[in-house]
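Novice: Next up is a structure, given as structure tokens.
What follows draws every value from the coordinates through simple rules; no lab data is involved. Everything numeric in this text was worked out from a predicted model, so none of it was measured. When we count neighbours, we look across all protein chains shown, and the Cβ atoms used for this are built from the backbone with ideal geometry, even at glycine.
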Amino acid sequence: MEEHAEEYEASLKRVQESLQAYPELEIKILPGSTHTAELAAQALGTTPGQIAKTLCFLADGKPILIVACGDKKIDTKKWGRAIEAKKIKMADAETVMQITGFAPGGVCPFALRQQVSVYLDNSLKEYDITFIAAGTPHSALPISAEMLEKVTGGIWVEATK
């Protein structure tokens, strides 16, 4: 974390500033890494399913985000049909940074560097609260599915296997 401390601090600050309109939402700073659903679940004392992962894809070359439960796999064919995209592929780390302003493992689905369509997988509705990354691999934001939709402007889809 030391080598990325300034970068993470700026990312976290951007997320905190974007939440000013939602004082009931409070970011948790964790001592260990949360850059995978398994690590985040351990740090938060929950299951990987309750950890929401935010992934960046290119749909017909256009960047998009999907937020889904950490124990689910994205079905790009199903999701592609749902959003009428012919080809969906995972974005590389450099593209993720460029588009979102967040490093993989800490991608928050809002406070993005560029405006990007955000899709929310229906799996998120299985929990009262899920934990999303808050801009760093050492932070998490507990949030309900309804509030996540409100904050991100996300569109609900069926995108997981």
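Novice: Please enumerate, by chain and number, the lysines with C-alpha under 22 Å from the C-alpha of Lys53, excluding those fewer than 8 residues away in the same chain.
Specialist: List returned: Lys13, Lys28, Lys62, Lys72, Lys73, Lys77, Lys78, Lys87, Lys89, Lys125, Lys150, Lys161.
Novice: Might you report the magnitude of the Cβ-based charge dipole of the chain about its Cα centre, with Lys and Arg at +1 and Asp and Glu at -1, to the nearest 20 debye?
Specialist: With only Lys, Arg, Asp and Glu charged at Cβ, the dipole is about 720 debye.
Novice: Then there is this: Give a quick list of GluC sites (Glu not before Pro) in region 1-67 that DSSP marks as loop, anything other than H, G, I, E or B, with at most 13 other Cβ atoms within 10 Å.
Specialist: Here the sparse-neighbourhood loop sites are Glu24, Glu26.
Novice: With a sphere of radius 11 Å drawn around the Cβ of Gly80, what net charge do the other residues whose Cβ falls strictly inside it have (Lys, Arg +1; Asp, Glu -1)?
Specialist: +3
Novice: To continue, here is another question. Would you mind checking which residues have amide H under 5 Å from Tyr119's amide H? H placed 1.01 Å from N; only 5 or more apart, or other chain.
Specialist: So Tyr119 has HN proximity to Leu65, Ile66, Val67, Ile155.
Novice: Within a Cβ distance under 13 Å of Gly154, other residues only, what is the Lys/Arg minus Asp/Glu net charge?
Specialist: -1
Novice: Before rounding to the nearest 500, sum -39500 (n - 2.57) across all DSSP H runs of length at least 4 in the chain and divide by the residue total; then give [θ] at 222 nm in deg cm²/dmol.
Specialist: That calculation yields -8000 deg cm²/dmol at 222 nm.
Novice: Another question, then. What list of ³J(HN,Hα) couplings, whole Hz, do you get for region 96-107 from phi and the Karplus terms 6.51, -1.76, 1.60, once you set θ to phi - 60° and write x for glycine and proline?
Specialist: 4, 4, 5, 6, 8, x, 10, 6, x, x, x, 5
Novice: Of the residues Tyr119, Tyr22, Tyr127, which exhibits the maximal mean-square fluctuation in a Gaussian network model of the chain defined by a 10 Å Cα contact cut-off?
Specialist: Tyr22
Novice: For region 57-106, what's the relative contact order in percent, using C-alpha pairs closer than 8 Å and at least 6 residues apart?
Specialist: The value is 39 percent.
Novice: Run through region 1-85 and list the trypsin sites (Lys or Arg not before Pro) located in a DSSP loop whose Cβ has at most 12 other Cβ atoms within 10 Å.
Specialist: For trypsin sites (Lys or Arg not before Pro) across region 1-85 that sit outside H, G, I, E and B with at most 12 neighbouring Cβ atoms in 10 Å, the list reads Lys73.
Novice: At a Cα cut-off below 15 Å, give the aspartates and glutamates reachable from Lys86, other chains included and same-chain residues fewer than 8 away excluded.
Specialist: Leaving aside aspartates and glutamates fewer than 8 places away in the same chain, those within reach of Lys86 are Asp60, Asp75.
Novice: Working out 0.36 nm times the residue gap between Thr95 and Glu17, then minus their Cα-Cα distance, what length gain in nm do you get to one decimal?
Specialist: Full extension from Thr95 to Glu17 adds 25.7 nm.
Novice: In terms of the Cα gyration tensor, with a ≥ b ≥ c the square roots of its eigenvalues, is region 19-66 rounded because a/c is under 1.5, prolate because a/b exceeds b/c, or oblate?
Specialist: oblate
Novice: Taking the Cβ of Phe102 as the center, what net charge do the other residues with Cβ under 13 Å away carry, scoring Lys and Arg +1 and Asp and Glu -1?
Specialist: +1
Novice: For Ala134, which sequence-distant residues (separation of 5 or more, or a different chain) have an amide H within less than 5 Å of its own amide H, given hydrogens modelled in the peptide plane?
Specialist: Residues meeting the criterion, in which the H sits 1.01 Å from N, are Ser139, Ala140, Leu141.
Novice: When a/c reaches 1.5 or more, the comparison of a/b and b/c decides; with that in mind, is region 47-152 rounded, prolate or oblate per its Cα gyration tensor?
Specialist: oblate
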